[in-house]
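Laboratory data are not the source of any read-out in this text; all were calculated from the coordinates shown. These numbers were taken from a predicted model, which means no experiment stands behind them. Please note: Cβ atoms are built from the backbone with ideal geometry, for glycine as well, and neighbour counts cover all protein chains shown.
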Amino acid sequence: MKYKLLSAAVGAAVFALGASAASATTLGDVKAKGFIQCGVNTGLAGFAAPDASGNWSGFDVDFCHAVSAAVFGDPNKVKFTPLSAANRFPALQSGEVDVLARNTTWTINRDTALGLNFRFVNYYDGQGFMVRKSLNVKSALELSGASVCVQSGTTTELNLADYFKANNLQYNPVVFEKLDEVNAAYDSGRCDVYTTDQSGLYSLRLTLKNPDEHMILPEIISKEPLAPAVRQGDDQWFDIVSWVGYAMVNAEEFGITQANVDEMKNSPNPDIKRFLGVEADTKIGTDLGLTNDWAYNIVKNVGNYGEVFEKNIGQGSPLKIARGLNALWNKGGIQYAPPVR
């Protein structure tokens, strides 16, 4: 879900707080307190959700574990702060969290006016529609006259209006401020259609009373590159968070997995030896402010990008989302990482 810009007054205040928070070295602060504070969703199956004991799991949660593994050599030196769409940006800007990994779309306004930095896209998404199968429609173009559940104050709401206007369709918006209110309204039949990021629809469908009675339509009406974010003003921390993601993608491309990462240390491939920190003259880790086995620690403790995807949201999960655009660039997708050298 994607909130519109905060008011200018609030934005100016939190931007100032963010500038102050980033003036110190985030890596130094993290090491001093002994853990990373990671902002995540309040509860989105497959991406970030706590169990009955308060243990967090999900695609975004594992990214936070990967940052912890890179920094500390231990994936569990991380604490999670559940954040709503409304308070996620102030929490990052003020320094309440060190990194935001909360299915957040990278946009120009967020990259500039809000004082945030995005780079590694961990999930290429787009806004979609979910309907009851009993509605007997196969395309969003058949939704004229439908009532549509949507969360207020979001770019989802704006995209919805644009799509229906562009296609000369009429609709009745059923608007709620809180995500759980939108979910409940759709599940109770107060609206015909639910719209949000398509990945979110797959997750939310699992929570409905009768998931098999609902289907996700094929149309994608927006670009939603979901990416971890950090505060502006600390390039070292920005590089670390970005390269954690790129390391996971490179590991998949190299064929390095949790199961074979120790064996792969003996690879004759100089790129792999450099990546895993076993090449004698490598300085890649120390250039980041980390140890040279930072990438090894990520894969050993968390896995490569494909492993994390499949376990949490792919075919090994209840969501069973296809890789699609999130497949590697050489396997039909657009996930591409710069070289580690």
Check your understanding: In degrees, nearest 10, range 0 to 90: what is the angle between the Cα axis of helix 155-166 and the longest Cα principal axis of the chain?
Key -> 50 degrees
Review point. So how far, in whole Å, is the C-alpha centre of segment 172-212 from the one of segment 245-311?
Key: 39 Å
Check your understanding: At what distance in nm do the modelled label points of Lys165 and Leu325 sit from each other, each positioned 7 Å from its Cα along Cα→Cβ?
Key -> 2.3 nm
**Study point:** When segment 30-81 is reduced to its Cα atoms, the Kirkwood hydrodynamic radius in Å
**Key:** 11.0 Å
Review point. When only DSSP loop residues count, what trypsin sites (Lys or Arg not before Pro) in segment 156-246 have their Cβ near at most 15 other Cβ atoms within 10 Å?
Key: Lys178, Arg190, Lys209, Lys223
Exercise for review: Identify all lysines with a Cα-Cα distance to Lys265 below 23 Å; exclude those on the same chain that are fewer than 8 residues away in sequence.
Suggested key: Lys273, Lys283, Lys300
Practice item. Go through Val150, Gln198, Gln127 and say which Cα lies farthest out towards the positive end of the charge dipole of the chain; charges sit on Cβ, +1 for Lys and Arg, -1 for Asp and Glu. Key: Val150
Point to revise | Ellipsoid semi-axes in whole angstrom, largest first, where each is sqrt(5λ) of the Cα gyration tensor of segment 97-163 | key: 31, 14, 10
**Study point:** Size of segment 31-118 as Cα extents on the principal axes (Å, biggest first)
**Key:** 35, 30, 18
Point to revise | When each of Lys77/Lys223; Lys178/Lys331; Lys133/Lys320; Lys33/Lys331 is checked by Cα-Cα distance, pairs over 30 Å | key: Lys77/Lys223; Lys178/Lys331; Lys33/Lys331
Revision key, fill the gap. The chain, convex hull of Cα, quarter of hull surface, nm² -> 17.5 nm²
**Study point:** For segment 105-212, share of DSSP beta bridges that run antiparallel, in % to the nearest 5
**Key:** 40 percent
Exercise for review: Working from Cα positions, state the angle (0 to 90°, nearest 10) between the long axis of helix 59-72 and the longest principal axis of the chain.
Suggested key: 20 degrees
Study note, to complete from the structure: Helix 235-254: inclination vs the chain longest Cα principal axis, degrees, rounded to 10, gives 90 degrees
Review point. About the Cα centre of the chain, what is the dipole size in debye to 20, counting +1 per Lys and Arg Cβ and -1 per Asp and Glu Cβ, all else neutral?
Key: 260 debye
Check your understanding: Which percent, nearest 5, of DSSP beta bridges in the chain are antiparallel?
Key -> 55 percent
